[in-house]
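The values are calculated or read from the model by the stated rules, or taken from the named source; none is laboratory data. In this text the structure is predicted, and so the values were computed from the model without any measurement. Cβ atoms come from the backbone with ideal geometry, glycine included; neighbour counts cover every protein chain shown.
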Amino acid sequence: MVLGVLAAAGCSRTFKGETIQPNPLGDPNETLRSSEKITIVRGDMELEAPDPAAATRRASVLRNHKYPLFNQASFTIVSRDRLRFHVQIDHKWQEWADLNSWTVSLEDDRGRRWVPEAIEHARTKMMTTMWDREIQTAQRNKFGDIVALNDDGWKRRQSLGSLSVFRGKADFVFYQRDLFHADVRKLRLVVRRPGEAFEFVWRFQDHVASE
């Protein structure tokens with residue numbers, strides 16, 4: 001997993017993820033034709049979820065964390081002329097999770113650039129997380145620190161908490177004569193829409209295979 005780096009330029013935000021791996025076509029005896037998966041984890045100031053309760057307690061003091069949004073990309077070599085990139089985008093808005101609304105391009109280390117010939121299997125689904133909430137009476141020490149919670153949540157019933165986000169997935173197919181070969185040293189996939197972009201970079205180094 002690769003965490004993203006945010007690069008700000010004006011009103012546009014670019015999240016970057018990178019990995020280093022052997023070239024999938026570098027070893028003639030190698031049958032694996034899929035890349036490493038790059039994951040860029042980001043948050044949203046409007047999306048928070050409570051930390052899970054401690055394992056030894058029925059409840060714990062409420063503390064929130066940023067809800068993680070997982071944006072991923074990997075590719076499969078269909079042939080030397082055809083690559084299929086599997087892309088996932090998480091977002092709080094359904095329109096932004098729909099990968100039909102993004103512009104995608106691919107570039108290699110020689111500066112050759114392509115746009116996909118097709119987008120396939122595009123789908124968007126809503127994911128909902130729910131949690132139980134209770135208001136319990138706190139027991140404090142003489143310093144005001146919470147040392148225990150009374151098991152009296154039944155006195156003040158609360159509705160379940162929930163959070164919903166959208167996850168979009170799609171395959172982007174690139175075709176060009178000799179698009180990929182054993183001498184390619186880098187691929188850079190850019191998934192962009194106005195105001196936001198994701199850059200996924202694969203660097204191919206032969207020595208990684210022996211480490």
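Below, the figures for the structure above:
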{"read-out": "Among the candidates 63, 33, residue that is at pLDDT below 90 and under 30 Å from residue 179 (Cα atoms)", "value": "33"}
{"read-out": "Residue in region 150-167 that is in a strand (DSSP E or B) and modelled with pLDDT of 95 or more present", "value": "yes"}
{"read-out": "Check on residue 89, in contact (Cβ under 8 Å) with a residue 60 or more places away in the chain, outside any loop (DSSP other than H, G, I, E, B) and in contact with a helix residue (DSSP H, G or I) (Cβ under 7 Å, 6 or more places away or on another chain)", "value": "yes"}
{"read-out": "Test result for residue 97, at pLDDT 95 or above, closer than 17 Å to residue 129 by Cβ and buried (at least 16 other Cβ atoms within 10 Å of the Cβ)", "value": "yes"}
{"read-out": "Complete set of residues in region 185-208 that are buried (at least 19 other Cβ atoms within 10 Å of the Cβ) and within 17 Å of residue 22 (Cα to Cα)", "value": "187, 200, 202, 204"}
